[in-house]
Amino acid sequence: MTDGDPESALAGSRLAGYDAVVYDLDGTLVELAVDWDAVAADVLDVYAERALIPPTEELWDLLGAADDYGVRDEVEEAIALHERPGARESTRLPLGDRLTGTAAGADAGSHPPAGVCSLNCEAACRIAVDTHGLDDALVSDAIVGRDTVESFKPDPASLLAAIDRLGAAPEDALFVGDSRTDAVAAERGGVDFAWVSDLLAK
């Protein structure tokens, strides 16, 4: 950390004292090149092709209902077909720069062990991590996508799995994200939460 850089100083102060940090992926470390309206349309087609009346038009609610409708695998693949190329074409965001130590004043070595908990599929997470050189900054086993465990955010199970794989307890970890879903998952799991904007604020 560079004392003269207020951005790095704030980020370091927010991470100090934690045994592990878990980051959301899309919107936090990277921006996936995905048209989410197109994804939702493709998922609605999965329901329509099976003569099913979807319970909603909201993408993640459609995924949440997929087990009840018997189309979970098909819905997962319809989403992942967009996410995997979107991860390859994604853009690294400022916090991702800082995590890799490429931002001005950043010190990658000052961070506690880090992982990812994402609503994106694990394959897309790993593609994005590899694409943007985040491998050295993250513990590979602690990259958890929505399909890594039995449930996904805002259920806290995936977040708690990432923390466990980092060898930490929930009360000693920090989750960094950009959405209300992230904040709710942290609250339900008894994990401290920080908005990505707070870590980037001057």
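Of the set (1) open to solvent by less than 30 Å² (accessible area, probe 1.4 Å); (2) closer than 28 Å to D164 by Cβ; (3) without any contact (Cβ under 8 Å) to a residue 24 or more places away in the chain, all apply to V75 but (3). If you go through segment 76-96 and pick out every residue that is among the hydrophobic types (A, V, I, L, M, F, W, C) and within 15 Å of L29 (Cβ to Cβ), you end up with 3.
Considering (1) more than 17 Å from H111 (Cα to Cα); (2) of a type outside the set (A, V, I, L, M); (3) open to solvent by 20 Å² or more (accessible area, probe 1.4 Å), the lone condition that D182 does not fulfil carries the number (3).
Can you name the residue in segment 115-156 that is aliphatic (A, V, I, L, M) and open to solvent by 10 Å² or more (accessible area, probe 1.4 Å) and, of all such residues, is farthest from A186 (Cα to Cα)? Write out each step before concluding.
Applying the first criterion (aliphatic (A, V, I, L, M)) to segment 115-156 yields 116, 119, 123-124, 127-129, 134, 137-139, 142-144, 149.
The next check asks that each one be open to solvent by 10 Å² or more (accessible area, probe 1.4 Å); those that pass are 119, 123, 127, 137-139, 149.
On the way: L119: 14, A123: 23, I127: 25, A137: 22, L138: 19, V139: 20, V149: 16 Å.
That would be I127.
Please work out which residue is farthest from the chain's Cα centre (by Cα), limiting yourself to segment 43-56 and to residues that are in a loop (DSSP other than H, G, I, E, B) and surrounded by fewer than 13 Cβ atoms within 10 Å (Cβ to Cβ).
Here is the first cut: in segment 43-56, the ones in a loop (DSSP other than H, G, I, E, B) are 50-56.
Cutting the leftovers down to surrounded by fewer than 13 Cβ atoms within 10 Å (Cβ to Cβ) gives us 50-51, 53, 56.
On the way: R50: 31, A51: 33, I53: 30, T56: 24 Å.
If we take residues in segment 43-56 being in a loop (DSSP other than H, G, I, E, B) and surrounded by fewer than 13 Cβ atoms within 10 Å (Cβ to Cβ), then A51 is farthest from the chain's Cα centre (by Cα).
Does any residue of segment 96-109 turn out to be surrounded by 16 or more Cβ atoms within 10 Å (Cβ to Cβ), in contact (Cβ under 8 Å) with a residue 24 or more places away in the chain, among the basic types (K, R) and in a loop (DSSP other than H, G, I, E, B)? No, there is no match, as no residue in segment 96-109 is surrounded by 16 or more Cβ atoms within 10 Å (Cβ to Cβ), in contact (Cβ under 8 Å) with a residue 24 or more places away in the chain, among the basic types (K, R) and in a loop (DSSP other than H, G, I, E, B).
Looking only at residues in segment 72-95 that are farther than 19 Å from D35 by Cβ and in a helix (DSSP H, G or I), which one is nearest to the chain's Cα centre (by Cα)? Please lay out each step first, then the result.
Our first condition is that a residue be farther than 19 Å from D35 by Cβ; within segment 72-95, this holds for 72-74, 92, 94-95.
Subsequent filtering for residues that are in a helix (DSSP H, G or I) retains 72-74, 94-95.
Details: R72: 20, D73: 21, E74: 22, P94: 15, L95: 13 Å.
Here the residue is L95.
Screening A201 with (1) touching a residue at least 12 places away in the same chain (Cβ under 8 Å); (2) under 26 Å from L62 (Cβ atoms) gives one miss only, at (2). Counting only helices (runs of 4 or more DSSP H) that fall entirely inside segment 119-202 and contain at least 1 residues that are over 21 Å from D19 (Cα atoms), the qualifying elements are 122-131, 180-189, 196-200.
The values are calculated or read from the model by the stated rules, or taken from the named source; none is laboratory data. All of these numbers come straight from a predicted model, not from anything done at the bench. Methodologically, a virtual Cβ is constructed for each residue, glycine included, from the backbone with ideal geometry; neighbour enumeration extends over all protein chains shown. We work out accessible area using only protein heavy atoms, side chains counted, and drop any ligands, DNA or RNA first. Shrake-Rupley method; radii C 1.70, N 1.55, O 1.52, S 1.80 Å.
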